[in-house]
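Here, each number is a calculation from the coordinates, and none is a lab measurement. Remember, predicted model here, so these are calculated numbers, not experimental data. With ideal geometry, Cβ positions are generated from the backbone for all residues, glycine too; neighbour counts draw on all protein chains shown.
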Amino acid sequence: MITKRIKVYGIVQGVGMRPTVARHAASLGIKGSVSNLGPYVEIYAQGEETQVDKFIDLIRNEPPKRAAILKMDVKVKDAEVYDDFSIIESAKTSGEIFVSPDIAICDECLTELYDKSNKRYLHPFINCTCCGPRLTILEALPYDRERTSMKVFPMCPDCEKEYHDPATRRYDAQPVCCNDCGPEVFILDDEQNRRGRDAITYVREVIANGGIAAIKGIGGFHLACNAYDNEAVRRLRELKHRPSKPFAVMMRNEDEVLKNCVIENYQRSILTGHQKPIILLARKEDSKIAEQVAPDNPMLGVMLPYAPLQSLIFDYDDGIKMPACLVMTSGNLSGLPICRNDDDARREIASYCDVILTHNRRIIIRADDSVMDFYDGKPYMIRRSRGYAPLPYMMTRPFSGSVIAYGGELKNTFCVAVNSLMYPSSYIGDLTDLKGKNALKESAERMINLLEAKPSYAVCDLHPSYNSSEAAEESGLPLIRVQHHYAHILSCMAENDYTGDVIGISLDGTGYGTDGTIWGGEILKCSLDDFERLGHIRPFLHTGGDIASREGFRIAISMLIDIYGDGAEDKCNRLGLVRQGSFKTYKAMHDNRINTAVSTSCGRLFDAASAILGIRYEQSFEGEAAVALEFKAMEYEGEKVFDCEDLTHGDVIATEKIITRLVDGMEKGEDVRKLAYEFHYMLAKGVSQMAIAKAGGIKTAALSGGCYQNKLLTKLTEKELRDNGFKVLLHSMVPPNDGGIALGQALYGMNRINN
Ligand code: ZN
Ligand code: FE
């Protein structure tokens, strides 16, 4: 007879770890106990040694479906004699804590949802031990019902029985409920007070008739309408003041996806997996999805229903014929944090829709849908949020202490680091106004409490007037500031668990440089301690201030004035770049430095190139002109290798030669698709040449920054560097855009406080 104590670390809370362990114990006649201690599950196992070891193997090899075991720690212990195997209620401890993300409805629950004989038939909140909301309903750890927003819904005797019976699928499932005891859906501010069935039927009617509905989901509200109805989608665009940025769609099931999109095997497993992010898929030519969903875009952002209520919107027993594909876009004011309660919805999105379907289960932490692209057969994250946040990254290097990193200004996320674990948050959004900043402050505080972290420093961007930097200042903690593009590279290093020196290529929109100018096309030598700016793209005049980030033609005119001097006017006119006013005005602004800033932004270089090639002169959302340029280049199928001279001039990448090439090509009437491809090719060459020339013995490169969402640019840069003997670190599950920089900031902070 022997007793062993087993500590299981990882995602072990809220995934049915204790009941699974109890079942394994019963199957082998093991006695002892299991308890949930916050950061880990602790098991005492008593029995014959061979049986105990079999039991340990069983836990390791057959954990609950949603668990992620990071580490098991086994010790022989003296112990009392146990009579049985028992589950001990939660006690609180501190240490490393793993919070489970929300989990999409599982197949068993989906079957029950439509089983007339089941007591949860059509119950909008059905869930079980291995599916349902987690992070979004959590107030504190350990994960028990009384510390979630389910605490106000006492279980009925039937649910209570299942909750306590290890033989059921709902044993220890904190949000368990049914039609008798669960939350209720209803129409917000409805004179007819439609609730439950009536509310769902009414919303289905509105959508089926071409209307727009706001629907409260797991992590916030969505706006939904028929994705096959061009007029409905056009109206949503008009109401939301969103002329062309693609909308995501939710499709009824996998068949509907196969009908409309081209899908690879590696994408399929993610489409149907338990995170259910929005994934970007190539749209089939014969797809009947309204053009307005993603105008001029060969891709569709697609997800499957992940909340039972969403399934009920597609399939219900009221005889209404519903479209099999709905636009499902975040219910928010453009760029701002998603609405999560009824007051938000009334204030911000009521005028965008015909009806609001809400419910009385509180959302405590927002979680936007994650958005995933793919690169080289692997996920290439654009927005890491629901389903993934706040799963931590574990650094091999031992750090101790804690910091909180406040991220950037657009696509904000923050990151709490505790010892060697870094927890990137769910998506907050753009911090262009107070709501964004307040959402950041509130969520950061909540996450610090949840993780029982005691950060000693706040880490933020160098930019003096970012709202994220202000939030960091207002935390009252001493500040550590990190340059924006260095933070991008650090984030790529953190994701790859790489702590050596790298040559970072940070191609990005804009960020504040150490010299007070705008940076964004940077070659940086980076270590965990510091960075050195080795090179950058040719500085240009960013004319027109903030407007220029929407109007690429302004940057193009400014670049052409620098390159061609007196000849610029003729070139600009022939390229159609003077969109408003006269060339003279732009020239005067340029020459007299009116409302101008010096910039090396690669994002703006893309915008200018897009304008010169006549692809997009201006844009209604960030990245529109660059994405259109990338799509155009992807259409090119000719010779893929071009003559390209050395573009490095000291520490400057001679981007003017790229621009000149585009202008020449346009004047000769060359194929725009070829020129678009050549732009990518030359840019990748230029940054690689600089990296190679300046590497000084470093043989590892890291690619980050928003421009590396561009997969053609990524591919061409990666190839060039590999061909020259470099190991190349890329992003995968952490976005290369500003949504990723908090992780880099956190790594920098942890390294600082440990030195
Ligand atoms: Zn389930
Ligand atoms: Fe950035």
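Given MET303, THR329, PHE374, which one lies farthest toward the positive end of the charge dipole of the range 292-409, if we put +1 on the Cβ of every Lys and Arg and -1 on the Cβ of every Asp and Glu? Looking along the dipole axis, the top candidate is PHE374. Relative to the longest principal axis of the C-alpha atoms of the chain, give the angle of the C-alpha long axis of helix 672-694, reported between 0 and 90° and rounded to the nearest 10°. For 672-694 against the chain, the angle is about 80 degrees.
The magnitude of the dipole of the range 536-692, with charges of +1 and -1 set on the Cβ of Lys/Arg and Asp/Glu and taken from the Cα centre, is near 340 debye. Per residue, the convex hull spanned by the alpha carbons of the range 18-89 comes to 96 Å³.
Extents of the range 198-258, largest first, come to 32, 30, 26 Å (Cα atoms, principal axes, whole angstrom).
Taking the Cα atoms only, what angle lies between the long axis of helix 624-634 and the longest principal axis of the chain, rounded to 10 degrees? Rounded to the nearest ten degrees, it is 80.
Loop-located GluC sites (Glu not before Pro) in the range 623-669 (DSSP state other than H, G, I, E, B) with a sparse environment of at most 11 neighbouring Cβ atoms within 10 Å: GLU637, GLU639, GLU645. For ALA702, the amide hydrogen comes within under 5 Å of the amide hydrogens of ILE503, GLY504, ILE505, LEU729, counting only partners 5 or more places away or on other chains and with H modelled in the peptide plane.
Determine, at each q value in 0.11 (inverse angstroms), the log₁₀ of I(q)/I(0) that the Debye formula gives when each Cα of the range 677-743 is one equal point scatterer. Normalising to I(0) and taking log10 leaves -0.25.
Tell me which GluC sites (Glu not before Pro) from the range 175-240 have a DSSP coil assignment and no more than 11 other beta carbons within 10 Å of their own. Kindly include the intermediate steps, with their values, before the conclusion.
Details: sites: GLU184, GLU191, GLU205, GLU231, GLU238; in loops: GLU184, GLU191.
Counting only loop positions with at most 11 other Cβ atoms within 10 Å, the GluC sites (Glu not before Pro) in the range 175-240 are GLU191.
Rg over Rh for the range 513-627 works out to 1.01, using Cα positions for both radii and the Kirkwood form for Rh. Here the relative contact order of the range 107-164, from alpha carbon pairs under 8 Å that lie six or more residues apart, stands at 16 percent.
With one equal scatterer per alpha carbon and no solvent term, the Debye-computed log10 I(q)/I(0) for the range 107-164 at 0.13, 0.20, 0.28 1/Å reads -0.38, -0.87, -1.29.
Dividing the mean sequence gap of close Cα pairs (under 8 Å, 6+ apart) by how many residues the range 534-680 holds gives a relative contact order of 30 percent.
Roughly how big is the chain's charge dipole about its Cα centre, with Cβ charges of +1 (Lys, Arg) and -1 (Asp, Glu), in debye to the nearest 20? Don't skip to the end; give the middle numbers.
On the way: 90 positive and 104 negative charges, 71 e Å.
Taking the Cα centre of the chain as origin, the dipole is about 340 debye.
Look at where the Cα atoms of the range 443-466 and of the range 179-231 average out, and the two centres are 36 Å apart. Stokes-Einstein diffusion for the range 536-692, with the hydrodynamic radius set to the Kirkwood value over Cα pairs and evaluated at 37 °C in a medium of 0.692 mPa s, equals 211 µm²/s. Just the Cα atoms of the range 271-387, one point each, no solvent: what log10 I(q)/I(0) does Debye give at q = 0.09, 0.10, 0.13 Å⁻¹? For the requested q values the scattering log ratios are -0.30, -0.37, -0.64.
Each residue of the range 175-191 was assigned a 3J(HN,Hα) from its phi angle through the Karplus curve 6.51 cos²θ - 1.76 cosθ + 1.60 (θ = phi - 60°); the sequence is x, 4, 6, 8, 4, 7, 10, x, x, 10, 8, 7, 7, 6, 6, 9, 4 Hz, with glycine and proline shown as x.
Normalised by the number of residues in the range 2-87, the average gap of Cα pairs under 8 Å and 6 or more apart makes the relative contact order 49 percent. Pairs from the list LYS284/LYS668; LYS284/LYS685; LYS632/LYS711; LYS584/LYS685; LYS694/LYS715 with a Cα-Cα gap above 23 Å: LYS284/LYS668; LYS284/LYS685; LYS584/LYS685.
Restricted to Cα atoms, the chain shows a radius of gyration and a Dmax of 27.3, 94 angstrom.
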